Structures are given as structure tokens and as C-alpha cells.
Amino acid sequence: MAPEHHQFAQPQQDVDGDGDEYISDSGSDFNEQWIDWFLGIKGNEYFCDVDVDYILDKFNLTGLNTEVEKMSKVIDMITDGLDEEYEIGDKERDHLEANANKLYGLIHQRYIITTKGLNKMHLKYKNADFGYCYRVYCELQHLLPIGLSDHVGVSTVKLYCPKCEDIYNPKSSRHAQIDGAYFGTTFPGMFLQTFAAEVMPVHPVERYIPKIFGFNIHQYAKLARWQELQRNKQIKRLTESGINVANVMNGYNINPDGSPLKPPVVSSGSRSRMRSSRSDK
Amino acid sequence: MGENDSSDFETWISNFCSLYGHDYYVEVGQDFIEDDFNLTGLSSIVPYYKEALDFILDLEPEHEIKIKDQALVQQSAEVLYGLIHARYIITKPGAQLMNEKYSKGQFGCCPRYACNGSKLLPIGINDTPGVETVRLFCPDCFDLYLPTSSRYLNIDGAFFGSTFPGFFIKMYGLDNPNLRPSDDLKIFGFKIHEGSNVGSRMKWLRATPSTDEELREFDEVD
Ligand SMILES: [Zn+2]
Ligand SMILES: [Zn+2]
């Protein structure tokens, strides 16, 4: 059995890179060890750090004791790091570890819809930590994590695009394994409401209809026309209730008369100037 | 031709198709390239046309190419091959080769959750080379996506062309939009009101007629 927690005089790095060792940099806040370690694991980039104070406030953990085993030991583990002298076997450590992950995830679901949590997620959003929308007309809109359920074990985390209002699979297989409940169903809506003035996009109305030698394929063109009719009905409805939707936040990229804004003209140029749509980041 | 079967000889075409990021390309049949009809108009688009064509077909150049021109001819050969490729994949044998890649999901899967891993097809929104890089088309949501891997960032969309996916889905009977709308955004389980400043605006994009009234409306849009 490999000894996991040697006492080194020097700060110890996670040499093998698999994140299974605590970094004991003696000077820093000992209390945040477990969380720092957890956030440093590859694939956990979507999580923000939850304040220890929030975790220690029993009120915030209401109802979670039915979800997590050995609750108080697990809380100790997350907030103190497990005492290095404390003798436990690998099996028990793994068990505690799994429960700690789950507890942290469920607390995270609640935390990211508090003011502090929302602000932390806002920074991550601006930093595109949740990735970009790959839909061409969304022009690399930053995404937000979303859970399809608030219960653990139902589905993995997905990504929400505020521009096309659609839900996408994470690109990386590591992210595709994270439980969606750790982000929850409410987060993106709450996030957009909180930061509406800053983050609500203008929605693109451009769309693609498959063509053969320049001619639209009928089935698609017909559906697209019907969909456009639905959009126009909504525009009318909103305008009649006094909501301006012409090229404003949470409106459409249309002119005041309702006609679509012309998409930017693409000039032909050298191959090096080819629009690759991701070079603009 | 025909003498290129020795095992250590790699043709220009198979080398080109094996380069990093070139795995969307299929190998264009030699007979297709040798038929002048298929190349109509390309000589006026591609500089060093004759030399470039010799490169592609592994032919000795008629006149020796100056060292300083070699890189330019190679570049022209790549553009020429790409443009021939765009024409080839909308022929039956070309589409068949593309179908082998498509069936294996080699162009990737639709990132949209509701599309449930629907396989994508490459497309060039613009048929002029040098304008836009390759995009991907989903036959289910009929939307366009960027390739998720950076290795395709330099692949010219014109080398696949704007007709390919349409042609392909017609040929293989995949030409049916199959939209599964995504769920509404909710806050504590409640739908957000349309009039809210974060209310939904894009439902139309994934909508399909389902009620009697909508179906009637749909019949009338023609
Ligand atoms: Zn989007
Ligand atoms: Zn799709």
C-alpha cells in the first residue's frame, strides 16, 4: 500500500499529475486544502470555490444529510482537510472522498445561486471557462453550465447558450462526466436575470437552409418559413405589449421595421485572412 | 498510369489526404481528374494550373519548374485539388466515399443535446476558395456548427462546397428535419415569462408544428 501522506519539509507538488496528493504549502490557509485540491482536478474547471463559511452554516446544508453519508466527517474533510494523523484505510478514504465530492457538488448547486456564488460564476463566464457555443450564428457566445435535473445521478452537466437558447453537450469528455445536479436547473436563469444588463445578448435571426446548386431544399425551406412566421408572431406580441425587440438586449438583430439586419459582408481575401471564427479570441 | 503500384510509392493525393487535419478529404479518383470535362473553368481560377495538375497526378512536369516557383505550384495544387474535391463529392462515387466517413462519424456529432449525437457533414458556406473555413451541417436541426478541433481551422470550406450536404442527404434519404426542441429555462421549476427581460426569444428556431392549428398554418406557408 503506497503511503499517501508523507510529511515533507518542503512544499510538495503533485508530481504524477493525477491530483491525488495534497499540496502542503505550509504558509497558506490550511482550511482550503481540500477545496483547492478538488478545483485543481482536471475536468472540474466548471466549479467555483464555495466559501468555507457557507459550508459551515448548517442552514445551507438543510436536507443534504439524506444524500450524503457520514455527513459530519465529510464536512470536516472539505473544510479542514482530513487530519493527517487520523488513521483510516484507503477504502474508507475513497468512500469519504466520493461523499465529499457529492456534498461539495450539492452545496455548489445552492451556492452558485447566491449573490457571492453568482459573482464568482460571472467571472468564470467572462473568462469563457464554460466554453463557447459552436453554432456558427452564435459567433462564439460564452456558455453557462446547466443541470437537467436537481437530483444526483439523473444526467450529466450540459451547457446553455444565452444567444440561441439551446442546450449543448460539453466538448470535453471529462466535463461530460460531471453530474448536472452540481449546477442545477435554476442557475442559468438566475444568472441571466442577475446580470441581464451586462450579459443578455441580441439574438441572431440568421439561419441556414440546405441548398443544392443554390436552390433551397423544400422540406427545410418550408419549415424555416413556418418558424419565421412564429418569430414574427412573437415580435408582434411583444411589440404590442410595449417591449422593443429591434436590435436591443434580449431582442433580435432586426431593423425597427422588423426586417433582418444584413449580416456583415464577407470580403474575399487571401487564405490567411480566411474567417476561421475562432481566431478572434 | 498504372505503374504506381509499387508499395513504397505514395501518390500526391494520398499524401495530401493523410496530412494533419486533412481527414475530412476523400481521395478523388484519378479517372475523375483526368476527365477534362470535370475540370471546366478551373484553369482560369488557379494559377500554375497545368503544373499544379501534373503535381496532383504525379506526372513529370513538361518544363522544369524553377525552385522559387515550387512552393507556389504546390500551393496551387492544393487549391486545385480542393476545388476538384468539392466537385467530386457531389458525384455518386465521391458521395459514397464521403458516406464511409459519415457512417463512422468522422465529421463529428451535433453538439446540440436534443440532436442526440446526430452525425454531421462538412460544408463550405462560400464556394470561393480563401473566404471561409469549413463548417459542419446537422441534418436533424439543419444548423451549422464550427468544428470543435483546432486542426480544422485552416481547412477551406470551398473544398467541400455549399451543395455537398444537401446533395448527400437527398442521395441517402436523410433530408428530413428532425427537431427535438430543448426544454425551457426555469427558475426554481417555474418557466420564465415571455415578457421578462430574460424571456425566451428563440423558440421559433427549434419549433415544429404539432397542434391542429399549427399544422394548418404550416400547410399554408407555401
Ligand atoms: Zn448558441
Ligand atoms: Zn443537430
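Can you give me the number of residues within segment A:224-235 that are open to solvent by 10 Å² or more (accessible area, probe 1.4 Å) and at the interface with chain B (Cβ under 8 Å from one of its Cβ atoms)?
From segment A:224-235, those open to solvent by 10 Å² or more (accessible area, probe 1.4 Å) are A:225, A:228-235; that's our starting set.
Subset that is at the interface with chain B (Cβ under 8 Å from one of its Cβ atoms): A:225, A:228-231, A:234.
Adding up the residues that qualify gives 6.
Considering segment B:192-207, the residues that are open to solvent by 50 Å² or more (accessible area, probe 1.4 Å) and modelled with pLDDT under 95 include one that is nearest to the other protein chains (Cβ to nearest Cβ), namely B:ASN197.
Mind counting the residues in segment A:37-64 that are in a helix (DSSP H, G or I) and more than 17 Å from A:ASP129 (Cα to Cα)?
From segment A:37-64, those in a helix (DSSP H, G or I) are A:37-40, A:52-56, A:58-61, A:64; that's our starting set.
Imposing the further condition that a residue be more than 17 Å from A:ASP129 (Cα to Cα) reduces the set to A:37, A:52-56, A:58-61, A:64.
Total meeting the criteria: 11.
For segment B:90-125, the set of residues classified as more than 16 Å from ligand 2 (Cβ to nearest atom) and open to solvent by 50 Å² or more (accessible area, probe 1.4 Å) consists of B:LYS92, B:PRO93, B:GLN96, B:LEU97, B:GLU100, B:SER103, B:LYS104, B:GLN106, B:ILE125, listed by residue number. Scanning segment A:135-161 for residues that are near ligand 1 (Cβ under 9 Å from one of its atoms) and either of a type in the set (S, T, N, Q) or free of Cβ contacts under 8 Å to residues at least 24 places away in the same chain (or both) turns up just one, A:GLN141.
Within segment A:79-97, is there a residue that is at pLDDT below 95, among the small types (Gly, Ala, Ser) and surrounded by 14 or more Cβ atoms within 10 Å (Cβ to Cβ)? Spell out the reasoning first.
Initial filter on segment A:79-97 (at pLDDT below 95): A:79-97.
Now restrict to residues that are among the small types (Gly, Ala, Ser): A:81, A:89.
Restricting the remaining residues to those that are surrounded by 14 or more Cβ atoms within 10 Å (Cβ to Cβ) gives A:81.
Taking every residue of segment A:79-97 in turn, at least one turns out to be at pLDDT below 95, among the small types (Gly, Ala, Ser) and surrounded by 14 or more Cβ atoms within 10 Å (Cβ to Cβ).
Considering segment B:171-191 alone, what residues qualify as being more than 7 Å from chain A (Cβ to nearest Cβ) and within 28 Å of B:ASP23 (Cβ to Cβ)? Of everything in segment B:171-191, those that are more than 7 Å from chain A (Cβ to nearest Cβ) and within 28 Å of B:ASP23 (Cβ to Cβ) turn out to be B:MET171, B:TYR172, B:GLY173, B:LEU174, B:ASN178.
Just so you know, in segment B:109-136 the residues that are assigned to a strand (DSSP E or B), of a type in the set (A, V, I, L, M, F, W, C) and away from ligand 1 (no atom under 16 Å from the Cβ) include one that is nearest to A:ILE167 (Cα to Cα), and it is B:CYS109. A:TYR125 meets all of the listed conditions (1) more than 16 Å from ligand 2 (Cβ to nearest atom); (2) in a helix (DSSP H, G or I); (3) over 12 Å from the mean Cα position of the chain (by Cα) but one, namely (3).
Identify the residue in segment B:137-147 that is more than 14 Å from ligand 1 (Cβ to nearest atom), at negative phi and part of a loop (DSSP other than H, G, I, E, B) and, among all such residues, is farthest from the chain's Cα centre (by Cα).
So in segment B:137-147, the residues more than 14 Å from ligand 1 (Cβ to nearest atom) come out as B:137, B:139-140, B:142, B:147.
Filter again for at negative phi, leaving B:137, B:139-140, B:147.
Within this subset, residues satisfying the condition of being part of a loop (DSSP other than H, G, I, E, B) are B:139-140, B:147.
Values: B:PRO139: 13, B:ASP140: 16, B:PRO147: 11 Å.
Out of the qualifying residues, it is B:ASP140.
Would you check which residues across segment B:77-117 are small (Gly, Ala, Ser), within 13 Å of another protein chain (Cβ to nearest Cβ) and touching a residue at least 40 places away in the same chain (Cβ under 8 Å) and list them? Matches in segment B:77-117: B:GLY82, B:ALA86, B:ALA95, B:GLY108, B:ALA114.
Per the conditions (1) open to solvent by 30 Å² or more (accessible area, probe 1.4 Å); (2) closer than 18 Å to A:GLY131 by Cα, the sole criterion not satisfied by A:THR239 is (2).
The values are calculated or read from the model by the stated rules, or taken from the named source; none is laboratory data. Small disclaimer: the values here were computed from a predicted structure and weren't measured. Positions of Cβ are backbone-derived with ideal geometry, glycine not excepted, and every protein chain shown enters the neighbour counts. The accessibility values were calculated without ligands, DNA or RNA, using every heavy atom of the protein model including side chains. Shrake-Rupley method; radii C 1.70, N 1.55, O 1.52, S 1.80 Å.
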